[in-house]
Amino acid sequence: MNDKSVENRISLSDKAWLKQIGQFIKENRQNQCKPQDQVSLEAGISRSTLSLMERGENVRIDTLIQVLRTLNLLYVLDPFLVKEQISPIEYAKLKKKQEKSRVRNKKINNNDKEELGW
């Protein structure tokens with residue numbers, strides 16, 4: 001990504017973003033040869049709500065998600081998925097616990113060998 005494209009995104013108003021999202025929805029719907037009636041029915045929304053979305057008007061975010069799901073476009077939300085990560089402190093604690101576990105296991109194994117006469 002270049003600095004120019006980042007600047008362009010930052011400079012877009014909320015209204016301009018809504019229009020971009022609406023165009024994205026409309027283009028993908030048309031590319032799939034689906035009429036508004038069909039998409040709105042499958043998404044569980046009114047046709048007028050879908051029309052508003054495609055024109056860049058305010059709609060609820062759950063409505064956007066329903067439409068994205070209907071058009072098999074949920075992948076656009078992937079950047080919002082939070083990946084489970086372990087903090088450095090928790091990682092250090094886990095490593096320390098594993099080291100202690102290995103030491104205990106070695107002692108147990110040595111005792112077993114002595115009892116067997118090894």
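No other residue among ASN58, ASN28 is within 20 Å of VAL76 (Cα to Cα) and not in a helix (DSSP H, G or I) apart from ASN58. Within the bounds of segment 53-64, is there any residue that is under 19 Å from ASP37 (Cβ atoms) and either in contact with a strand residue (DSSP E or B) (Cβ under 6 Å, 6 or more places away or on another chain) or surrounded by fewer than 12 Cβ atoms within 10 Å (Cβ to Cβ) (or both)? So far as segment 53-64 goes, no, none of its residues is under 19 Å from ASP37 (Cβ atoms) and either in contact with a strand residue (DSSP E or B) (Cβ under 6 Å, 6 or more places away or on another chain) or surrounded by fewer than 12 Cβ atoms within 10 Å (Cβ to Cβ) (or both). The residue that is nearest to SER51 (Cα to Cα), among those in segment 63-88 that are modelled with pLDDT under 90 and among the charged types (D, E, K, R), is LYS83.
Restricting attention to segment 8-45, the residues that are within 20 Å of ARG60 (Cβ to Cβ) and among the hydroxyl-bearing types (Ser, Thr, Tyr) total 2. Quick check: is even one residue across segment 68-75 without any contact (Cβ under 8 Å) to a residue 12 or more places away in the chain, surrounded by 13 or more Cβ atoms within 10 Å (Cβ to Cβ) and either among the β-branched types (Val, Ile, Thr) or in a loop (DSSP other than H, G, I, E, B) (or both)? There is no residue in segment 68-75 that is without any contact (Cβ under 8 Å) to a residue 12 or more places away in the chain, surrounded by 13 or more Cβ atoms within 10 Å (Cβ to Cβ) and either among the β-branched types (Val, Ile, Thr) or in a loop (DSSP other than H, G, I, E, B) (or both).
The values are calculated or read from the model by the stated rules, or taken from the named source; none is laboratory data. On a predicted model such as this, the values are computed, not experimentally measured, just so you know. Reconstructed Cβ throughout: ideal geometry from the backbone, glycine too, with neighbour counts over all protein chains shown.
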